[in-house]
Amino acid sequence: MTSTIVTGAAGFIGANFVLTWPYASAGPVVNLDKLTYAGNLQSLESLAAQPAHRFVRGDIGDAELIRTLLREEQPRAVVNFAAESHVDRSILGPEEFVQTNIVGTFRLLQEVLTYWRDTLKSDPSFRFLHVSTDEVYGTLGPKDPAFSETTAYAPNSPYSASKAASDHLVRAYHHTYGLPVLTTNCSNNYGPFQFPEKLIPLVIHNALAGKPLPVYGDGQQVRDWLFVEDHCSAIRAVLEKGRVGETYNVGGNSEKKNLDVVKTICAILDELKPRSDGKPYADQITFVQDRPGHDRRYAIDATKIEREIGWKPAETFETGIQKTVKWYLDHHAWVHGVTSGDYRKWVEKQYG
Ligand code: NAD
Ligand code: TYD
């Protein structure tokens, strides 16, 4: 069976995607990842005995490498997760976001187009699936309807602007050249293997380390949370059944205020691993300066993917967050590896 190239699958969502990939029925995966600070081969350890998963270190912006991989693998699909993904980092240093999310996606598209034209135009099954975010739609007021696929793009951060640009390129490669693309725009994910710079793993990590739990501004910002394995099942469903050229919004129907998310995590930790002084973890909550340009509310209308494809999330926020907190408690070594610098040292040693 021909392979699928998955980019950025040493990161949070991509790793969950290749860990839950049905290798027996869907064929091999080539995982192309640059291993930035967010890429972590420790997340892929359980695939060591899976010969149908191959890891290649590289950049989606390296046209020659992409050309060679496409020629060698003759994939039936390319799924693009690779990106710089953290809003706060994009505020401090937007350049990498422009490089990877815009220029990198452009180079990848260009090589995929050439490959598709040369070898596969007669094969109607090839797909390029681009993984994007709901943040491209901007911010909502408390009573606004949720983002649908026809909501106008209005990105507010360098991260969301760079993702919006990449979405537009993907759209244009379909409209102009006929490349068979699919785009998914998903809400905030949480679950195993998320780098502890994002809200949920950061709060779990800081709580256990006895550090402050930083809540930006008034903590009343709203995000629509989706358990990562549900996002992965949505992407697989779109890859199989999505209509070429279409975009699909993916969400958990689970809007929560940031402060409530933090308090929920504290309550679960109070039960599973009480503080040694008997005090509640919520005592560690600390209000800090707000993020510049902070989007107030995201919400996803996921009726299209449910109607056309039959996808629905399996987890509620309540079940997903329980699983997630337990996972971080049970995987101390993984967390220690990514936070202590050991992992970075290992990558330098391994790859020079
Ligand atoms: P992540 O930051 O955890 O992982 C990104 C991965 O991409 C890392 O392994 C990194 O090494 C790799 N990478 C970065 N630059 C690269 C390059 N130039 N070439 C090859 N690999 C490169 O991100 P994530 O949270 O797993 O997000 C994955 C995708 O899903 C992103 O495109 C993101 O925009 C999108 N998304 C994320 C969320 C979320 O809540 N995390 C929600 C919706 C959409
Ligand atoms: P984050 O996980 O960075 O995702 P995104 O910015 O892509 O939505 O942040 C989720 C929300 O939590 C967002 O409104 C910012 C807020 N936040 C905090 O209040 N404190 C923090 O330490 C972090 C990282 C985020």
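The values are calculated or read from the model by the stated rules, or taken from the named source; none is laboratory data. Fair warning: this is a prediction, and the values are worked out from it, not measured in the lab. Note: ideal-geometry Cβ built from the backbone for every residue, glycine included; neighbour counts use all protein chains shown. Side chains are part of the model used for accessible areas, which takes the heavy atoms of the whole protein and leaves out ligands, DNA and RNA. Shrake-Rupley method; radii C 1.70, N 1.55, O 1.52, S 1.80 Å.
Counting just the residues of segment 86-101 that are touching a residue at least 40 places away in the same chain (Cβ under 8 Å) and under 25 Å from Leu179 (Cα atoms), which one comes out farthest from the chain's Cα centre (by Cα)?
Val98
Could you identify the single residue in Gly14, Gly104 that is crowded, with 24+ Cβ neighbours inside 10 Å and under 14 Å from the mean Cα position of the chain (by Cα)?
On the way: Gly104 fails: under 14 Å from the mean Cα position of the chain (by Cα).
Exactly one residue qualifies, and that residue is Gly14.
Using the structure shown, decide if Gly252 is outside any strand (DSSP E or B), in contact with a strand residue (DSSP E or B) (Cβ under 8 Å, 6 or more places away or on another chain), on the phi < 0 side of the Ramachandran plot and modelled with pLDDT under 95.
Numbers: outside any strand (DSSP E or B): yes; in contact with a strand residue (DSSP E or B) (Cβ under 8 Å, 6 or more places away or on another chain): yes; on the phi < 0 side of the Ramachandran plot: yes; modelled with pLDDT under 95: yes.
Yes.
For segment 272-283, what are the residues that are outside any loop (DSSP other than H, G, I, E, B), out of contact with any strand residue (DSSP E or B) (no Cβ under 9 Å at 6 or more places or on another chain) and open to solvent by less than 90 Å² (accessible area, probe 1.4 Å)?
Leu272
How many residues are in contact with a Cys (Cβ under 9 Å, 6 or more places away or on another chain) and either within 16 Å of ligand 2 (Cβ to nearest atom) or small (Gly, Ala, Ser) (or both) if we restrict to segment 211-251?
Selection size over segment 211-251: 7.
Among Ser25, Ser46, Ser85, which is under 25 Å from Ser340 (Cβ atoms) and open to solvent by 60 Å² or more (accessible area, probe 1.4 Å)? Lay out the reasoning, then the answer.
Numbers: Ser25 fails: under 25 Å from Ser340 (Cβ atoms); Ser85 fails: open to solvent by 60 Å² or more (accessible area, probe 1.4 Å).
Testing whether each residue is under 25 Å from Ser340 (Cβ atoms) and open to solvent by 60 Å² or more (accessible area, probe 1.4 Å) leaves just Ser46.
With the condition being more than 16 Å from ligand 2 (Cβ to nearest atom), I'd like the helices (runs of 4 or more DSSP H) fully within segment 1-108 carrying at least 2 qualifying residues.
It comes to 12-19, 23-26, 63-73.
Given (1) crowded, with 22+ Cβ neighbours inside 10 Å; (2) within 13 Å of ligand 1 (Cβ to nearest atom); (3) β-branched (Val, Ile, Thr), where does Val112 come up short, assuming only one miss?
Looking at each condition in turn, Val112 falls short on (2).
Out of the residues in segment 68-82 meeting the condition of being charged (D, E, K, R) and surrounded by fewer than 16 Cβ atoms within 10 Å (Cβ to Cβ), tell me which one is farthest from Ala172 (Cα to Cα). Let's see the steps before the verdict.
The initial filter retains those residues of segment 68-82 that are charged (D, E, K, R), namely 71-73, 76.
With the extra rule that they be surrounded by fewer than 16 Cβ atoms within 10 Å (Cβ to Cβ), the set shrinks to 71-72.
On the way: Arg71: 24, Glu72: 27 Å.
Out of the qualifying residues, it is Glu72.
Could you please find all residues in segment 255-271 being of a type in the set (D, E, K, R) and part of a helix (DSSP H, G or I)? Walk me through it before giving the result.
Going residue by residue through segment 255-271, those that are of a type in the set (D, E, K, R) are 255-257, 260, 263, 270-271.
Residues satisfying the conditions are Asp260, Lys263, Asp270, Glu271.
Tell me, yes or no, whether segment 179-187 has at least one residue that is more than 16 Å from ligand 2 (Cβ to nearest atom) and in contact with a Gly (Cβ under 7 Å, 6 or more places away or on another chain).
yes
Return the pairs, sorted by first residue and then second, in which the second residue is of a type in the set (S, T, N, Q), the first residue lies in segment 158-170 and is within 14 Å of ligand 2 (Cβ to nearest atom), the beta carbons are less than 6 Å apart, and the residues are 6+ apart or on different chains.
Pro158/Ser90; Tyr159/Ser90; Ser162/Asn101; Lys163/Asn101; Lys163/Ser132; Lys163/Thr133
Given the criterion under 25 Å from Ser233 (Cα atoms), free of Cβ contacts under 8 Å to residues at least 60 places away in the same chain and within 15 Å of ligand 1 (Cβ to nearest atom), identify the matching residue among Thr105, Thr133.
Thr133
Please enumerate the residues belonging to segment 284-299 that are within 9 Å of ligand 2 (Cβ to nearest atom) and part of a loop (DSSP other than H, G, I, E, B).
The answer is Asp290, Arg291, His294, Asp295, Arg296, Tyr298.
Anything in segment 121-142 that is more than 14 Å from ligand 2 (Cβ to nearest atom) and touching an Asp or Glu at 6+ places or on another chain (Cβ under 8 Å)? List them, or say none.
The answer is His130, and nothing else.
Enumerate the pairs (first residue in segment 30-53 and farther than 14 Å from Phe193 by Cβ and near ligand 1 (Cβ under 9 Å from one of its atoms); second residue anywhere and in a loop (DSSP other than H, G, I, E, B) and open to solvent by 40 Å² or more (accessible area, probe 1.4 Å)) with beta-carbon separation below 6 Å, excluding pairs fewer than 6 apart on the same chain, so at least 6 apart or on different chains.
Close Cβ pairs (under 6 Å, with a partner that is in a loop (DSSP other than H, G, I, E, B) and open to solvent by 40 Å² or more (accessible area, probe 1.4 Å)) amount to Lys34/Asp59.
Mind listing whichever residues of segment 248-271 are buried (at least 21 other Cβ atoms within 10 Å of the Cβ) and closer than 30 Å to Arg307 by Cα?
Tyr248, Asn249, Val250, Gly251, Gly252, Ser254, Val261
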